[in-house]
Structures are given as C-alpha cells and as structure tokens.
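Just so it is clear, none of the values below were taken in a lab; they were calculated from the coordinates. Just so it is clear, the model here is predicted, and its values are computed rather than measured. All Cβ positions, glycine included, derive from the backbone under ideal geometry; neighbour counts span all protein chains shown.
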Amino acid sequence: VESLLLTLGQHYITQERSARGTALDPVAHFHLSNGAIAGRLNFMANMSPKGLQESAGMMINYVYNINQIETNCMNYSEQGIVAHSL
C-alpha cells in the first residue's frame, strides 16, 4: 500500500494540473511558483482525520535551492515543469 500511495502522490504533484495549467494542490502551486523543488513524500506523516481525508496521510517537503529558484520558477510558470527529486 505504501509504495502505491507514494507513486500516486508523486504523480499528483508532478503531473496533475488544474484547468489553468497549475498544480491542483494550492500549497504545491505556491511553492512551485516560487521556485521550490518538490522533495520527499512522507508516508503516514499526518494521521489526523483531516490529513487522512485530504492526502491519505502523506506530506511533502519542498526544497529551496538558491541556485535553482529562478530556473525552477520560469520552467513551472512557462512550461508547467515541476522540479522534483521524487
């Protein structure tokens, strides 16, 4: 189950888009539009009822690499490319 959920979570963050072409998740969109890298997905990180309902208990770390922020920001805003280490 863990492997399947992590694979689905990775797909959701890196591939799924809203009608406007942005990440479906508003928090992901915020970080990605500011040049972050989608880092590690954490399984069973938020086991509260809200965490289970919203993200199957998963959470993600976003990494800001000062040397990549501008490039990541442009790639995401212009081409929808998500910088990630997932």
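Structure notes:
- Looking only at segment 17-33, and only at residues there that are among the polar types (S, T, N, Q) and part of a loop (DSSP other than H, G, I, E, B), the one that is farthest from residue 83 (Cα to Cα): 18
- Subset of segment 1-15 (residues that are more than 24 Å from residue 76 (Cα to Cα), assigned to a helix (DSSP H, G or I), without any contact (Cβ under 8 Å) to a residue 40 or more places away in the chain and not polar (S, T, N, Q)): 4
- Among residues of segment 34-86, those that are of a type in the set (S, T, N, Q), surrounded by fewer than 14 Cβ atoms within 10 Å (Cβ to Cβ) and not in a loop (DSSP other than H, G, I, E, B), counted: 3
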